[in-house]
Structures are given as structure tokens and as C-alpha cells.
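Working notes, structure below.
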Amino acid sequence: MSATASNGDGVVLYESNDGIATITINRPEKMNALSEQVVADLRDAFNRLEESDDRVGILTSSGDKAFSVGADLSDPPVDPDLWEGVPNVGRDLDTPVIAAVAGYVCGGAYVLVQHCDLAVAAENADFFYPEAQIGFCGGLIAGAAARLPQKIAFEFMLTGKHFDAQRAYEVGMVNKVVPTGQQVAGAMEYAEILRDSSPMVVATLKRFVRDTVTPRGPSEQQAIARRDLLGIRRSEDQKEGALAFREKRKPVFKGR
């Protein structure tokens, strides 16, 4: 039996249907640029995914013109920073995430795709990373060298050259290319297989790869350390410790 739940509004939508969550960046009027609110909503969506009964998530966006043009320069993500909305960085996910992209996939938007577990691209997908050409760098892109042949990774990271969907498929950025408009349907084929697979096996293999096979770059390591420290700072235990100090009593910690 199919069960559906949706949050209905916001700049990131979360819809759950029969064990598969669809997470949609919903700013088509801004070409789905990654604002501070988008990053915060992505962070919350991935937290929700990991804590829910959904077995797999699909990350996509509204419209076929742009998956996302990257950071919103008029409202760049600072607090939360971009890394907090990146799957498997802002939070380690045992639940697999599949990217379904069309149109422009620029800068930080490619970082989102890079850290998903699988990726499906529409024929009109256009991947590029222009940060060296504009004098900006967040550093998370360095992980491309652990996921692609090194010279391909450097070509992509350093030159700003555009990779079309076919080139992205050939070098291993995406798993398959589908007609424009069919990217979510293409991702759903993988999602249904993963939903019906053993969640224990899927989670274990993901952890083995995450912990032993894929090196983490300096920015990624820094983000993970920052994530863990922020978890303490935002915790109920820290609030309880401060309150107990003011009230001159022994704190009662709950580990959350």
C-alpha cells in the first residue's frame, strides 16, 4: 500500500511516498540558487530522511533549466554554511541518496551531486565549476579527485570547462543519462531497487565505503569536525549544563 506525506511549501520540499522521499529545491525563479534558507532546509530534509522510515531519497529541483546555479551571491550561505546542506557531509547518512538533475549544475550544486550515492542526468545537463575563474573556493570540490580519475577531476575543478551529460557519464560523474524531463523517473528506477533491498546491507556497505575507501579532503574533514562541535553547541545537554551552572546544581545530562 502506498503512503504519501508532504510538507507542501518552502524553498525545499519533502515528499514521502511508499518508502521513497523526494527532496526538491524549489526556487525556479532564482534557478534554484543555494541561499542560506535553501541550505538550512536541505540540512533539515536530510536529517528528516535519516530519522524517517523512508529507505531512499531522491534529490532534485523544480524545472529543467537548472538543477542549481550554485551559491546565491545575493544571499550566500554563511550560517548555515554550504556544507551543512550537503548529504553525507552535513550528516552521515545510512540512507542512500540519488541525485536527479537537469540543466545547469554549477559550483556548489555539483558538490551536492558529488556527495550523493548515485546520480541521474537529463540530456540537457551542463556541469561546470567556475570558482577558480572567479577567485572563490570552498574546498569541498577537492573530493572529486577521490571519485573521478585525477586528471579529469583537475580539468573539471581548475579550468571551469563545461561537461555535458554524455561527458559526465563517460567520466563517472553520473550513472546514466535520460531524456530531459525524465530525470526523476530515471532516479526512481534505482530508488525502487534500493527501497526493496536489505537496509542493513545497504547501510553497512555505505559505511564501509565512507570509512575505509573514500578519502576526505581538508575542507570535508574540517566540515565534519565543525558539524560534530555544532552538534554539542546546539544540544540539550549544553543548555542543561549552562542552566545547572547558573542554578548551582548537578546537571542531568540526557545525551542529546
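The values are calculated or read from the model by the stated rules, or taken from the named source; none is laboratory data. Bear in mind the structure is a predicted one, so any value in this text is a computation, not a measurement. Every residue, glycine as well, gets a Cβ built from its backbone with ideal geometry; the counts of neighbours run over all protein chains shown.
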For region 83-99, check the following and say yes or no: at least one residue is modelled with pLDDT of 95 or more, of a type in the set (A, V, I, L, M), surrounded by 24 or more Cβ atoms within 10 Å (Cβ to Cβ) and closer than 19 Å to V171 by Cβ. yes
Select from region 123-142 the residues that are surrounded by fewer than 23 Cβ atoms within 10 Å (Cβ to Cβ) and touching a residue at least 40 places away in the same chain (Cβ under 8 Å) and list them in ascending order. E123, N124, G138, G139, A142
Quick check: is even one residue across region 214-234 in contact with a Phe, Trp or Tyr (Cβ under 8 Å, 6 or more places away or on another chain), over 20 Å from E50 (Cβ atoms), surrounded by fewer than 14 Cβ atoms within 10 Å (Cβ to Cβ) and touching a residue at least 24 places away in the same chain (Cβ under 8 Å)? no
Failed item in (1) assigned to a helix (DSSP H, G or I); (2) within 22 Å of the chain's Cα centre (by Cα), with C137 passing the rest: (1)
Tally the residues that are in contact with an Asp or Glu (Cβ under 8 Å, 6 or more places away or on another chain) and in contact (Cβ under 8 Å) with a residue 60 or more places away in the chain, restricting the search to region 24-41. 1
For F253: the one exception among (1) assigned to a loop (DSSP other than H, G, I, E, B); (2) exposed (fewer than 13 other Cβ atoms within 10 Å of the Cβ): (2)
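Conditions (1) more than 17 Å from the chain's Cα centre (by Cα); (2) part of a helix (DSSP H, G or I); (3) more than 24 Å from D92 (Cβ to Cβ), marked per residue:
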residue: Y14; (1), (2), (3): no, no, no
residue: T22; (1), (2), (3): no, no, no
residue: E29; (1), (2), (3): yes, yes, yes
residue: N32; (1), (2), (3): no, no, yes
residue: V38; (1), (2), (3): no, yes, no
residue: D41; (1), (2), (3): no, yes, no
residue: A45; (1), (2), (3): no, yes, no
residue: R48; (1), (2), (3): no, yes, no
residue: I58; (1), (2), (3): no, no, no
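So that you can scan it fast, the table gives a plain yes or no per residue for (1) in contact with a Gly (Cβ under 7 Å, 6 or more places away or on another chain); (2) free of Cβ contacts under 8 Å to residues at least 40 places away in the same chain; (3) in a helix (DSSP H, G or I); (4) polar (S, T, N, Q):
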position: M173; (1), (2), (3), (4): no, no, no, no
position: G181; (1), (2), (3), (4): no, no, no, no
position: A187; (1), (2), (3), (4): no, no, yes, no
position: A191; (1), (2), (3), (4): no, no, yes, no
position: M200; (1), (2), (3), (4): no, yes, yes, no
Breaking point among (1) over 30 Å from T204 (Cβ atoms); (2) in contact with a strand residue (DSSP E or B) (Cβ under 9 Å, 6 or more places away or on another chain), for A100: (1)
Inspect region 41-52 for any residue being closer than 27 Å to F163 by Cα, surrounded by fewer than 22 Cβ atoms within 10 Å (Cβ to Cβ) and not charged (D, E, K, R) and give the result as yes or no. no
